[in-house]
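Worksheet for the structure shown next.
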Amino acid sequence: MTSAITAAAAGAWKLGDLTVNRMGFGAMRLTGSAAFDLGTPSDRERSIRVLRRAIELGVNHIDTAAFYFSSLRSANELINSALAPYPDDLVIATKVGPGRDPSGEWLPWATPKQLRGQVEENLRQLGRDHLDLVNLRLYGPGPIHEHFGALAELRDAGLIRHLGISNAKPERLAEAQAIAPVVCVQNRYGIDAGREDDEFLRACGEQGVAFVPFFAIAGAGREKGATGTETEEILAIARAHGATGAQIRLAWTLQGGPHVLAIPGTGNPDHLAENVAAGALRLSADELARIESLRGE
């Protein structure tokens with residue numbers, strides 16, 4: 001599959017009043033060879049080329065966070081340097097809730113008051129006067145009304161356009177929706193992630209809420225990336241399409257429903273083109289059934 005294929009091949013979806021191509025881009029891997037690795041900064045110019053090439057290929061949905069940084073590299077700063085002034089149709093989504101201090105130490109769950117500082121930090125780094133979409137990345141099983149309410153207040157003040165939630169269960173979506181509109185749910189989901197969120201994915205579609213899987217390619221590799229190994233069944237399907245295993249994983253993800261958005265991340269220009277091209281793949285019912293047989297509970 002060639003780089004001539006653009007992100008529009010995957011179709012489009014609306015995040016509130018913002019239309020995005022369903023094939024997006026995740027910025028986490030722009031900062032280094034491994035996510036959150038403070039000792040291995042990425043090649044700055046290559047990361048900037050990747051971002052600019054993503055826009056050329058029709059990507060208009062970028063997922064980022066202020067806590068995506070490594071030694072010398074910040075995903076938000078790279079996005080700002082590469083793409084500002086931003087295209088009118090570009091939607092930049094970010095996440096708050098967790099945070100990291102300059103040494104890289106994690107703050108797993110900000111207080112409601114600290115969320116404003118995290119929003120303002122994203123605004124500063126991105127060079128924006130508002131954020132298109134802010135996902136509250138949930139931590140722990142407790143109620144979220146104070147945290148989501150704080151973001152709803154920032155939305156009312158014009159600092160945020162739309163809200164979403166991440167790492168969420170169905171009951172958390174209902175809790176958030178009682179406070180303010182929710183345009184997306186961002187959860188770990190993929191062939192290797194089990195079936196726990198299958199019903200949640202379907203329910204989101206019924207409500208018009210986008211479902212945005214992360215680690216769709218990396219699977220069990222999570223932040224460290226794909227393991228480099230692939231099942232023979234997926235490789236056989238890939239060969240039939242002249243594709244890679246990663247492309248089959250993305251195609252399977254997108255066929256979960258018209259409301260499913262993909263945000264694969266990479267710092268490699270060739271992988272970027274392959275990821276975008278996967279949006280043109282259509283798997284047959286037989287191929288989907290064969291992949292379904294690989295999934296755990």
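Each reported figure results from applying straightforward, stated rules to the coordinates on display, with no laboratory input. None of these values were measured; they are calculated from a predicted model. Neighbour counts are summed over all protein chains in view; Cβ atoms, including those assigned to glycine, are modelled from backbone coordinates with ideal geometry.
Observations on the model:
- Summarising the label geometry, the points placed 7 Å from Cα in the beta-carbon direction at Leu235 and Asn268 lie 1.6 nm from one another.
- Using Cβ point charges alone (K and R +1, D and E -1), the dipole size of region 14-292 about the Cα centre works out to roughly 380 debye.
- Proximal charge balance of Pro269 [Cβ under 15 Å; K/R count +1, D/E count -1]: +1
- Our compactness index for the chain, the C-alpha radius of gyration over the empirical 2.2 N^0.38 Å, is 0.94.
- Alpha carbon centroid spacing (whole Å) that separates region 93-158 from region 235-297: 31 Å
- Reachable aspartates and glutamates from Lys95, criterion Cα separation under 14 angstrom, eight or more residues apart if same chain: Asp63, Glu120, Glu121, Asp132
- Beta bridge orientation in the chain: antiparallel %, DSSP, nearest 5: 25 percent
- Here is how the number arises for the chain: DSSP H runs of 4 or more residues each give -39500 (n - 2.57), the sum is divided by the residue count, and the result at 222 nm is -10500 deg cm²/dmol.
- Around Pro143: net Lys/Arg minus Asp/Glu count, Cβ-Cβ under 11 Å: -2
- Distance between the pseudo-spin-label points of Arg195 and Trp106 (7 Å out from Cα toward the beta carbon): 3.0 nm.
- Exposed-site-free run, longest, the chain (rule: trypsin sites (Lys or Arg not before Pro); DSSP loop; at most 14 other C-beta within 10 Å): 1-194
- Each Lys and Arg adds +1 at its Cβ and each Asp and Glu adds -1 at its Cβ; summed about the Cα centre, region 62-107 shows a dipole of about 140 debye.
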